[in-house]
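No value in this document is a laboratory result; all are computed from the given coordinates. If you're wondering where the values come from, they're calculated on a predicted model, not measured in any experiment. Positions of Cβ are generated from backbone atoms using ideal geometry, with glycine treated the same way; all protein chains shown enter the neighbour counts.
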Amino acid sequence: MANTLQAKRRARQAVKHRAHNVALRSKARTHIKRVVQSIERKDKAAAQDAYREAVKAIDAVVGKGLLHRNTAARHKSRLNTRIRALS
């Protein structure tokens, strides 16, 4: 448990920051799932649109430092490969 006033404040802030970070990470995962669902339906046009949105969400999370850039690149690459395989 935090003892000093500053430590108590930092603990409160950590709770807020964590909630914000969880929400952003969840948003990126949701966009990735939308791409995967479009691919499974074999709807290439919808998959490409969802992919564009997913890339924006993934890059935003990387910019905040919540996801490593190599991890983001891997996700984007694998999604793009699956979309290209539809044709």
Contact list please: Cβ distance under 7 Å, first residue in the range 1-27 and surrounded by 11 or more Cβ atoms within 10 Å (Cβ to Cβ), second residue among the hydroxyl-bearing types (Ser, Thr, Tyr), pairs at least six apart or on different chains.
none
Just one of (1) outside any loop (DSSP other than H, G, I, E, B); (2) over 21 Å from residue 84 (Cα atoms) trips up residue 37, so point out which.
(2)
Go through (1) part of a helix (DSSP H, G or I); (2) more than 22 Å from residue 18 (Cα to Cα) for residue 42 and report which single condition fails.
(1)
For the range 53-73, check the following and say yes or no: at least one residue is in contact (Cβ under 8 Å) with a residue 12 or more places away in the chain, more than 30 Å from residue 17 (Cα to Cα) and surrounded by 12 or more Cβ atoms within 10 Å (Cβ to Cβ).
no
